[in-house]
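Every read-out reported here was derived from the displayed coordinates using simple, explicitly stated rules and does not represent laboratory data. In this text the structure is predicted, and so the values were computed from the model without any measurement. We place every Cβ from the backbone using ideal geometry, glycine too, and count neighbours over all the protein chains shown.
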Amino acid sequence: MLEKLFHLKENKTNVKTEIIAGLTTFMTMAYIIALNPNLLTGFGYNGTPALWNAVFLSTCIASAVGMFVMAFLANKPFAMAPGMGLNSFFAVVVANIVSITGLSYVESFQAGLCIILVEGIVFLALSVLNVREKIVDAIPLGVRLGIAPAIGLMLMNIGLGSNAGVGANSQFYVMRDFFGSLTAGLASTNMGEDYSAMVLTVVTMFVGLFAIVILAQKGVKAAVILGMLAASVIYWAGQAIFLHTNPFASLQGASFVPAFGDMVSTTLFKFNFKGLMEIGWFTAITLVITFCIIDMFDTIGTLVGTASRAGMLDKNGKMPKMKEALLADAVGTVAGSLTGTSTVTTFVESASGVEAGGRTGLTALTTGIVFLACVFIAPVAAIIPAAATSAALIYVGVLMITGLKNINFGDIAQVLPVAIMLISMPISGSIGHAIGLGLISYTVIKVFTGKAKDVSALTYVISAIFLVKFFLVV
């Protein structure tokens, strides 16, 4: 049955490998289950507990829907969830609607969901009509080859920075403070428990990273997930021994009953088009276009970059069944708008599952099932330490950087766009924006070196759209 559905032998994989890969992907992106409702409801300060519960459930359900489509329609190992960056932008938009209209946060949230619904429908239409696939083909081969290494640097940035830190804005704080303390001398004990917690975080990350590398060198296919588990055990033990805290305290008294009633009352099919129109139709249209541009190129970049690492691209740098893969995120986005969350997109953490051996939709199906199960077992997923997932992200990031060997360093028209993406992607945290800068630089070089005919008409159009986005759209 599974062989017929996912063509495992043809893709040189098996059920065990695919399930391990799916679990690996889940562990590296499980943070989104709690972080997404926190971001979209202002960490509990905006809205109501009912809205938080609704967004939490929507995150699990919409992600699973997207992954099921990815599994059965595209047969690809890519996982989906509400996109980071896009969710923060959505939260800002909702806050602005509150400020402009005077509506409550919940009513403004329901107005914001209208934007996500329209975006999802637009993507469905563009995917069915092959427009999105043509946009992928329009990206020059050199830029496409540079996407994976740039994503690798961004993964390392996430792993070494905010994901290993303490809070959404802790970029590099833990690593910076730790190595700063080494320079000042480890004899300093003024930091007390804060220093111990910092050391435990960094040690956990490095233990996980070295464990993954050693196991991978020994040919262990489950190296990533085993390394993460080893790091988790170290972290839990450190919490108990050095920080004198119970790492499993959050499980005590935790509720395992899904709050579906809260979702029904606040977000399920709750679209406030009247509230959205109060900000003006031009602003509303601009917001839809902005979401579309960012999401389209984030998804394209993740698919191309991760597929490149998995050897799924043909000699022309194209991925088979790209149309079906793009349809998956469109369906996920529509599902998210119907249930109550921001844009669903392909997650860059899918690369961890690919590195664990995932090659078919069974990997995506496994991750989707676990996401759906988290509706009931969220407290268990929450105890996985961020530092353990950081180890996996750093490891995968290093592997993706090796894609630079495919770049023709003798061609400056290829090297400069790639270099710009390598710099801009980890700094901006946006795959789409980095691709836009890469395309613009490629186009400029070709035009002013007398090779304007090398640039396709669609590449000119896309470059122009990004210029408008960067300089005119606020």
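How high is the FRET efficiency from Val220 to Val461, r the C-beta distance, R0 56 Å, rounded to 0.05?
Between Val220 and Val461 the formula returns 0.75.
In region 1-93, what trypsin sites (Lys or Arg not before Pro) fall in a loop by DSSP, with at most 16 other Cβ atoms inside 10 Å?
Those satisfying the criteria are Lys9, Lys12.
What are the ³J(HN,Hα) couplings of region 20-29, residue after residue, when phi is run through the Karplus curve with 6.51, -1.76, 1.60 and θ = phi - 60°? Round to Hz, x for glycine and proline.
4, 4, x, 5, 4, 4, 4, 5, 7, 10
I need to check one value: relative contact order of the chain, counting alpha carbon pairs closer than 8 Å and at least 6 residues apart, in percent.
35
Could you let me know the centre-to-centre spacing of region 352-369 and region 1-51, using Cα atoms, in angstrom?
So the two Cα centres are separated by 9 Å.
Taking the Cα atoms of region 403-471, report the difference between the largest and smallest coordinate on each principal axis, in whole Å and largest first.
32, 32, 16
Just want the ordering: Asp262, Asp137, from fewest to most Cβ atoms lying within 10 Å of their own Cβ.
Asp137, Asp262
Give the lysines whose C-alpha is closer than 28 Å to that of Lys76, dropping any in the same chain fewer than 8 places away, or say none.
Partners found: Lys4, Lys9, Lys12, Lys16, Lys134, Lys218, Lys221, Lys315, Lys318, Lys321, Lys323, Lys405.
Which whole-Hz ³J(HN,Hα) couplings does region 322-338 yield from phi under the Karplus relation 6.51 cos²θ - 1.76 cosθ + 1.60, θ = phi - 60°, glycine and proline marked x?
Each residue of region 322-338 in turn: 4, 4, 5, 5, 5, 4, 4, 6, 5, 5, x, 5, 4, 4, x, 5, 6 Hz.
At 0.36 nm per residue, minus the direct Cα-Cα distance, what do Ser104 and Leu141 gain on full extension? Give it in nm, one decimal, please. Spell out each step's value before the answer.
Working: separation 37, 0.36 × 37 = 13.32 nm, distance 4.77 nm.
Here the segment from Ser104 to Leu141 would lengthen by 8.6 nm.
What whole-number distance in Å separates the alpha-carbon centres of region 412-427 and region 65-134?
Taking the Cα centre of region 65-134 as reference, the centre of region 412-427 is 28 Å away.
Using modelled backbone amide H atoms (1.01 Å from N, in-plane), which distant-in-sequence or interchain residues come within less than 5 Å of Thr345's amide H?
Long-range HN contacts for Thr345: Ala81, Gly83.
Trypsin sites (Lys or Arg not before Pro) within region 233-328: which are DSSP loop residues with at most 12 other Cβ atoms inside 10 Å?
Answer by residue number: Lys315.
Please compute the length gained on full extension between His7 and Asp411, using 0.36 nm multiplied by the number of residues separating them and subtracting their Cα-Cα distance.
141.5 nm
Please identify every one of the trypsin sites (Lys or Arg not before Pro) in region 381-474 that sits in a loop by DSSP and has no more than 16 other beta carbons within 10 Å of its own beta carbon.
Passing both the DSSP loop test and the Cβ count: Lys451.
Expressed as a rounded percentage, what relative contact order does region 403-471 have, with Cα pairs under 8 Å and six or more residues apart? Walk me through the numbers on the way to the answer.
Values: 50 pairs, mean separation 17.9, N = 69.
About 26 percent, as a whole number.
State which stretch of the chain is the longest one without any exposed chymotrypsin sites (Phe, Trp or Tyr not before Pro), exposure meaning a DSSP loop state and at most 16 other Cβ atoms within 10 Å.
It works out to 270-408.
Going by C-beta contacts inside 10 Å, put Cys114, Cys60 in order with the fewest on the left. Don't skip to the end; give the middle numbers.
On the way: Cys114 21, Cys60 27.
Taking fewest neighbouring Cβ atoms as first place, the list is Cys114, Cys60.
Rounded, prolate or oblate: which one fits region 219-276, using the alpha carbon gyration tensor with axes a ≥ b ≥ c (rounded when a/c is under 1.5, else prolate when a/b beats b/c, else oblate)?
Here region 219-276 falls in the prolate category.
Report the label-to-label distance for Ile383 and Val92 in nanometres (one decimal), using points 7 Å from each Cα along the Cα→Cβ vector.
With each label point 7 Å from Cα toward Cβ, the separation is 3.8 nm.
For region 300-310, in order, what is each residue's ³J(HN,Hα) by Karplus, 6.51 cos²θ - 1.76 cosθ + 1.60 with θ = phi - 60°, in whole Hz (x at glycine and Pro)?
Going residue by residue, I get 4, x, 5, 4, 5, x, 6, 5, 4, 5, 8 Hz, with x marking Gly and Pro.
Give me Met277, Met67 ranked fewest to most by other Cβ atoms within 10 Å of their Cβ, as a rough exposure proxy. Working shown, then result.
Details: Met277 14, Met67 35.
By the 10 Å Cβ count, ascending: Met277, Met67.
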